[in-house]
Amino acid sequence: MWARFYKQDLRVIAHYLGSLLVLFSVAMLVPLLVSLLFGEWAVSVRYVFGVGMTLTAGSALRLAKISPAQMERKQAIAITALAWMVCAFFAAVPLSLSGHFQSPFDAYFESVSALTATGISMLGDIDHLSVADNMWRFTMQFLGGQGVVVVALSLGIFTRTGNSLYNTEGREESVLPSIKKTTQFIWRVSSGVVIIGTIVLFIIFMFSGIEPLRSFFHGLWITIGAYNTGGFASQSLSLIYYHSWPLEVIVMVLMCLGAINFALMARIHHGNWREMLSDIEIRTLATWITVMVLLLVAALMAGDFLTDFSGLMRRGIFTIVSASTNTGYDLLSPNQTTSMLTSGAFFLIAISMAVGGSAGSTAGGIKALRVGIIFKGIVARVKSVLLPPSAQITTTYNHIGKHTLTGDILSSALIIAALYVTTYLLGSLVGIAFGYGALPATFESISVTSNAGLSSGIAVPGAPLLLKIIYILQMWMGRLEFLTLLALFASLIASITPRARVKAFVRRRRG
Amino acid sequence: MHAIMLALFMLVPINLTFAEPTTSITMLTGAAQQSDNQQVVFRGEVVGDLISSADGRVWVTMIDSGSAISVLMKPEDAALIDATGRYEQTGTKLEVTGIFHLSCPTDDGLSDVHATSVTVVAPGEPRKSSVNMMLLVAGLLLVVIGGLLAFLYHIFHERMR
């Protein structure tokens, strides 16, 4: 029996979405203040308008239900799922008025890409973009990487919600006993990493000859982009622009940090260092990245691009780490990616994105935890085939404590993995239907669904509108790991199907 | 006579005309293997920052028609740049003659151009953006309305306690 939405539910959903929008309008003060600081008056007007529009919409929606009771699960699902799309809509308003997008829809795509920490950009003439507009892009990427709902929970915006909202945003583990403490811990860790990363990159950029103020902002933006595995850049050449191997090393560290489970970080923070070595997710991720690097070396050696040691180390390894952590920063030009890499290397990068980072981190993809669990499940199954039927096989794994691998856990991992793979395939078929090559279409589909952001050149401003809509859906689904969104769609369909019609149908079938 | 001709040749500055661009940045960013290690001449706007290279030269980013490329040039050539492109600023437009590398062997596989000569086509110039007063008024109005609605919610919420 599907949960239906009633008028009462819609009012509660409207109330909480409104609360999120009010918070979002406060976030929009960041670029507004930056624009005033830099004297970007024309830009500041756009953000005044954006703040006003978001605040008005949010405040109006809040009035739908003055004092909601304990949130029900179906309401939490709807709020979490819709939060991303609704916030992206209002976020796009000041950007769409900048003149840097071919259409308002492209600005919406950019906002969705920022909030889902995907990182594919529809911006034109990015090198002439204002400091405030860049600040907004990266603010969105920070909020999105943390999770829009997580931010709201940590600020106590949502009260009386229990685990409902937290779990529906694709997070399964509670880092600390209370949800509020968990979200505040995530917030504190992220803020700390951003501050330290910004200082380190600021120093690197100053030594490169970049002006102090630009060094600060570029350091801040790259740190946010790397740690939140978002991958946005403020210059058209992305990280190639900086010509700095120290920067690339720091970015790789930040990307790896961003791809680590927050719950594991909390354990390490409390002194349990050994957990890092025995954790199934860390082991899977480390093994996976090592194997991918070795395979990439072999694949590149088959061609004549990046066959020298220094180029391989610098650009090859960076690309695999960026793809595996679903960040999307690139040290290869689009031409090099699509026409100089061997098809094997190109495919390996796609597979790296498909698997992704850790669950409960800022990374996307199927997640290393599920891959590790599925592998252990396969090993257990092979054992059961070899051993007598009466033999009892117990498989355990370490992940924030010791767990027994049960049928439920394994089937849950398999279902999500299957949903990811299905979406990758369906998305690639859509790309092929639009006339793109099979390998680039698959690459792009995997990139958007896993929120990685590396591009084969399909998701560009001139791409067909319908394809962009499909990619937005894929980014949305990937960010929420499907079940929340599928549950919402099912409930929506159930809600609009008249009860009487369903009852009559059932009566006819029964004869 | 020959001496007079020689003196004139020495004294009159030679009028250097621009070389005809052989390619564009857009074509270079989509270049095939045949273009590797070839001399190219192209034009574009300098944007962003002048980044110091380890060998004392300067990395410059140039753009044209939505495409961008890295150019490595001598400090004295970089000194010709009077402004780099950013918000409300068009950067110096240069004509660059250099060797194009699809995958530069000295720069770890980077796609770049090593400039051999640089000429200024046009100096940088400011771009002015105008403030949209109607948008400002609408924005301020919405902020006031939003604030009032928030206040209204607060009153209703307090009454229900």
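The values are calculated or read from the model by the stated rules, or taken from the named source; none is laboratory data. Nothing here was measured: the structure is a model prediction, and the numbers come from that model. A quick note on method: Cβ atoms are made from the backbone with ideal geometry, for glycine too, and the neighbour counts reach across all protein chains shown. In case anyone asks, the SASA skips ligands and DNA or RNA and just uses the protein heavy atoms, side chains included. Shrake-Rupley method; radii C 1.70, N 1.55, O 1.52, S 1.80 Å.
Some points to look at:
- The number of residues in the stretch B:131-142 that are open to solvent by 50 Å² or more (accessible area, probe 1.4 Å) and part of a helix (DSSP H, G or I) comes to 5.
- Whichever residue in the stretch A:201-221 is more than 9 Å from chain B (Cβ to nearest Cβ) and among the aromatic types (F, W, Y) and, among such residues, is farthest from A:S130 (Cα to Cα): A:F202
- Hits in the stretch B:84-110 (condition: open to solvent by less than 20 Å² (accessible area, probe 1.4 Å) and either of a type in the set (A, V, I, L, M) or in contact with a Cys (Cβ under 9 Å, 6 or more places away or on another chain) (or both)): B:L94, B:V96, B:L102, B:L110
- Flag for A:L331 being in contact (Cβ under 8 Å) with a residue 24 or more places away in the chain, not hydroxyl-bearing (S, T, Y) and not in a loop (DSSP other than H, G, I, E, B): no
- Only one entry of A:G50, A:G99 meets the criterion of being of a type outside the set (A, V, I, L, M, F, W, C) and not in a helix (DSSP H, G or I), and that entry is A:G99.
- Identity of the residue in the stretch B:113-130, at the interface with another protein chain (Cβ under 10 Å from one of its Cβ atoms) and either modelled with pLDDT of 95 or more or open to solvent by 80 Å² or more (accessible area, probe 1.4 Å) (or both), that ends up nearest to B:E76 (Cα to Cα): B:R127
- Lone qualifier among A:T229, A:T223 - being modelled with pLDDT of 90 or more, among the hydroxyl-bearing types (S, T, Y), surrounded by 24 or more Cβ atoms within 10 Å (Cβ to Cβ) and over 24 Å from B:V47 (Cα atoms): A:T229
- Per-region count, the stretch B:68-83, residues at the interface with chain A (Cβ under 9 Å from one of its Cβ atoms) and open to solvent by 20 Å² or more (accessible area, probe 1.4 Å): 0
- Under the condition of being open to solvent by 30 Å² or more (accessible area, probe 1.4 Å) and more than 23 Å from B:T26 (Cα to Cα), the residues counted in the stretch A:304-341 number 8.
- Just one of the listed residues (A:S456, A:S491) is closer than 30 Å to A:I349 by Cβ, touching a Phe, Trp or Tyr at 6+ places or on another chain (Cβ under 9 Å), at pLDDT 85 or above and not basic (K, R), and it is A:S456.
- Against the test of being within 17 Å of B:V121 (Cβ to Cβ) and either surrounded by fewer than 21 Cβ atoms within 10 Å (Cβ to Cβ) or outside the structural domain of B:T106 (by TED's automatic domain parsing) (or both), the options B:R57, B:R43 yield a single qualifying residue, B:R43.
- If you filter the stretch A:1-42 down to residues that are aromatic (F, W, Y) and in contact with a helix residue (DSSP H, G or I) (Cβ under 6 Å, 6 or more places away or on another chain), you find that the one that is modelled with the highest pLDDT is A:F38.
- Spans of helices (runs of 4 or more DSSP H) in the stretch A:232-310 with at least 3 residues modelled with pLDDT of 95 or more: A:245-258
- Summed over the stretch A:461-485, residues that are more than 19 Å from the chain's Cα centre (by Cα) and either surrounded by fewer than 19 Cβ atoms within 10 Å (Cβ to Cβ) or in a loop (DSSP other than H, G, I, E, B) (or both) total 6.
- Set side by side, the residues A:F185, A:F202 differ, and just one is open to solvent by 20 Å² or more (accessible area, probe 1.4 Å) and either aromatic (F, W, Y) or closer than 22 Å to A:G119 by Cβ (or both), which is A:F202.
- For A:F347, the conditions (1) of a type outside the set (S, T, Y); (2) assigned to a loop (DSSP other than H, G, I, E, B); (3) surrounded by fewer than 20 Cβ atoms within 10 Å (Cβ to Cβ) are fulfilled apart from (2).
- Qualifying residue in the stretch A:292-314 (condition: in contact (Cβ under 8 Å) with a residue 40 or more places away in the chain, more than 14 Å from every other protein chain (Cβ to nearest Cβ) and under 25 Å from A:N398 (Cα atoms)): yes
- Counting only residues that are of a type in the set (K, R) and facing chain B (nearest Cβ under 7 Å), the stretch A:47-68 holds 1 of them.
- Restricting A:I280, A:I268, A:I250, A:I260 to those that are over 15 Å from A:S358 (Cα atoms) and open to solvent by less than 40 Å² (accessible area, probe 1.4 Å) reduces the list to A:I268.
- Boolean, B:T92 is more than 9 Å from every other protein chain (Cβ to nearest Cβ), free of Cβ contacts under 8 Å to residues at least 12 places away in the same chain and not acidic (D, E): no
- Single match in A:L10, A:L36 (criterion: within 30 Å of B:S129 (Cα to Cα), more than 12 Å from every other protein chain (Cβ to nearest Cβ) and either assigned to a helix (DSSP H, G or I) or open to solvent by 30 Å² or more (accessible area, probe 1.4 Å) (or both)): A:L36
- Residue match in the stretch A:69-82 (condition: touching a Leu at 6+ places or on another chain (Cβ under 7 Å), within 14 Å of another protein chain (Cβ to nearest Cβ) and among the aliphatic types (A, V, I, L, M)): no
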